[in-house]
Amino acid sequence: MELAVKNVSKTYGNLLVLNKINLKIDEGQIVCVIGPSGCGKSTLLRLIGGLENPDTGSIEARGIPPSDCLNPLTFIFQDFSLLPWRTVEKNISLVLEDHGLSTSNRNEIIRSVLRRTKLTEFSDRWPRELSGGMKQRVGIARALAVNPSVLLMDEPLSALDSQTSEILLVDLIELWEKQRFTSVYITHNLSEAIRIGHKIVVMSRRPGEIRETVNIDSEIMDREIRNIELEEHLWNLLRDEAMAAEWELENE
Amino acid sequence: MSDKKNNYTTISFRGGGFQFKNNYWISPTVFIVLLLLWHFGSTLGFISNLVLPKPTEVLIAFHDLYVTGDLYLHVGASLKRLILGWTLGTIIGIIIGFAIGLFALVRAGLAPIVAAIFPIPKIALLPLFIIWFGIGELSKINLILFGTLFPTIIATYGAIDNVDRSLIRLGQSFNLSWFSITRKIVFTASLPAILSNMRITAAIAIILIVAAELIAAEKGIGAYIQMAGSLFAIDRLLAGIIILSCMGLIANWLIGLTERKLLKWRNL
């Protein structure tokens, strides 16, 4: 499935958060969105996922999701959003329960996604027993369970320490190699974006606008850990904005 | 820290205190010491028997209550009113609380009325309830129902207001049905607050039943205390009070048991 964001604007009260955003997300492509904090990148993702309504413009999808896709646009959240009263297995089960699947069918899916995210031994654990990285693995497993067409990732690694986020980033890259999912990946980490993105969209401070789009042609698997040159280029675009954003008041 | 350049001194520990250790034997000891003080105070004449009879006399009053079958009569009458009134008040309260928490229209209509009735001391309604429902069981059960209903409504919709929005958003993002989100996310998330409110309403129910029975009843712990008071039988009066304390403790223990069962995801 491919997505097109067409001329989308969004205001909260009389605060313009996003201004005329145009963006195309191609099938099998990971589009990274970077920008200073408060630039509306999470809002953009929620708009794409249908959790909010744009004031003007539209978000359009093309192509029919495969028949076994239970939830075409699926989120992976920064704060994991696991239900603390459900075990790992039951947290994944939650998103399958409304689809009239047989119990054996459901268990089959759960077993498969737990295996793919290396969580098999943790199926009976409570979220509070897991480390941050493990919690996010559950978040990823839950997203994979519904066989999504597009993964909408909202800073999925930001709440993790840098070692854990490196490990999970590699896992995500391997996962993409196997499944070639389409994805919008919000992050504020430049090197993360350079590692996993096919296209990097740089946004400006409020009102959020697209400043530049950078395409990276090299295969994701073959990339170096750092690409200093590109990182510096992106940082030059962002530095002043990030410094100005730092002094802004939240939700003013 | 060293006084001379090359001499090390041990850094003294300063992080202690402010911690609770379990001393299981302390509280029984305090209890027994108090009982002994009371007992010897009474036998040696420091405490007048008119003011406070000996603990053994209270025990005898308790024994009489048991032998004559009055214990069953009074506790039974109070418990029946308590259980009926509290259960109905809690169930109806949770239902109305959910309606207010989930539907803006219901909230706009009912929340102000609830806020207006909540602060009324419910015992002030007893004369009205006696006129409406008669002197019998119905006025007392309704009083307890009313007394537990409003705190439950407020606690329930307060709990729903406090449910983590990101979990609701999670449910929506996976296309869970409205009913699924309500049952599997909103209800479970508000359960801890609803259960801890039950402790409070159990205490309110006991206060109300005693007050109601003090005013107008032939049976019940309140009526028993009232009779003992008018006969100046302080031993029986104290026996009644001890029964009330036990009822409160048992109610609290039962709710604790329910919490441990339903909220086992919370405690490690």
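The numbers here are math on the coordinates, done by the rules we state, and not lab data. All of these numbers come straight from a predicted model, not from anything done at the bench. Methodologically, a virtual Cβ is constructed for each residue, glycine included, from the backbone with ideal geometry; neighbour enumeration extends over all protein chains shown.
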Whole-Å distance linking the alpha carbon centroid of the stretch B:94-129 with that of the stretch A:37-100 is 37 Å
Excluding residues fewer than 8 positions from B:Lys140 in its own chain, the aspartates and glutamates with Cα under 17 Å of it are B:Glu213, B:Glu218
For the stretch B:170-262 the chymotrypsin sites (Phe, Trp or Tyr not before Pro) that pass both the DSSP coil test and the at-most-16 other-Cβ-within-10 Å test are B:Phe232
Expressed in nanometres to one decimal, the distance between label points 7 Å along Cα→Cβ at A:Leu16 and B:Ile200 is 4.7 nm
Simple SL model, points at 7 angstrom along Cα→Cβ for B:Ile131 and A:Asp55; separation in nm is 5.8 nm
Extend 7 Å from the Cα of A:Asp68 along its Cα-to-C-beta direction; within the stretch A:133-157, residues with backbone N under 14 Å of that point are A:144-149
Taking Cα atoms, the helix A:228-246 axis meets the longest principal axis of chain A at an angle in degrees (rounded to 10) of 80 degrees
In this structure, among A:Lys10/B:Lys264; B:Lys54/B:Lys219; A:Lys135/A:Lys199; A:Lys20/A:Lys118; A:Lys135/B:Lys264; A:Lys135/B:Lys184, pairs with alpha-carbon gaps over 31 Å are A:Lys10/B:Lys264; A:Lys20/A:Lys118
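Where does the longest stretch of chain B lie that holds no trypsin sites (Lys or Arg not before Pro) found in a DSSP loop with 15 or fewer other Cβ atoms within 10 Å? Provide the component values of the computation, followed by the final result.
Numbers: sites that count: B:Lys4, B:Lys5, B:Arg14, B:Lys21, B:Lys264, B:Arg266.
Value returned for the longest uninterrupted segment is B:22-263.
For chain A, what is the mean residue ellipticity at 222 nm derived from helices alone (per DSSP H run of n ≥ 4: -39500 (n - 2.57); sum divided by total residues; nearest 500 deg cm²/dmol)?
Helix contribution divided over all residues of chain A: -11000 deg cm²/dmol.
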Nearest 10, in degrees from 0 to 90: the angle of helix A:132-145 to the longest Cα principal axis of chain A is 80 degrees
Between the modelled labels at B:Lys261 and A:Ala244 (7 Å from Cα along Cα→Cβ) the distance in nm is 6.1 nm
Expressed in angstrom and rounded, the centroid-to-centroid distance over alpha carbons for the stretch B:189-268 and the stretch A:201-223 is 65 Å
Rounded to the nearest 10, the angle in degrees between the Cα long axis of helix A:162-179 and the longest principal axis of the Cα atoms of chain A comes to 70 degrees
Given A:193-199, B:130-136, the highest-first ranking by average Cβ count within 10 Å works out to A:193-199, B:130-136
When the charge dipole of chain B is computed with +1 at the Cβ of Lys and Arg and -1 at the Cβ of Asp and Glu, the Cα pointing farthest to the positive end, of B:Gly248, B:Ile26, B:Ala228, is that of B:Ile26
